[in-house]
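Below: one structure, written as structure tokens.
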């Protein structure tokens, strides 16, 4: 998970004396809260809710950094990459879904073919019976 945090220093004295390494503190705070926010969401939701995540993270960071003498103006979530195992599981699930659909389509085709053959046989029997009637 990557994000960019845009902030401005509002009180240089607080930033200088209230915190040892402002950049490192904001980075760790952003990483921790970003992971918490994404961890609270379902995978599908986390991949599609960038604006919601950006907004919540900006509010959390702005509240925390205010006492340090800074204001967070914007947060932009750059990318969310699920762990390799999750991506592999998603691929397996998609493959299984495609195979399931293919099996359904094949079964429906076989069913339709059997119906058409049966209708053809019934029509042939009917025509033979009609021909026998006229003899």
Inset, instruction - Quick one: which helices (runs of 4 or more DSSP H) lie wholly within segment 37-135 and hold at least 3 residues that are more than 30 Å from residue 21 (Cα to Cα)? - result: 43-48, 84-133
Legend entry - Failed condition for residue 46, given (1) over 12 Å from residue 80 (Cβ atoms); (2) surrounded by 12 or more Cβ atoms within 10 Å (Cβ to Cβ): (1)
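Since every read-out is calculated from the coordinates, none of them should be taken as a lab result. This is a predicted model, so every value here is computed, not measured. Because the Cβ atoms are built from the backbone with ideal geometry, glycine has one as well, and the counts that use them run over all protein chains shown.
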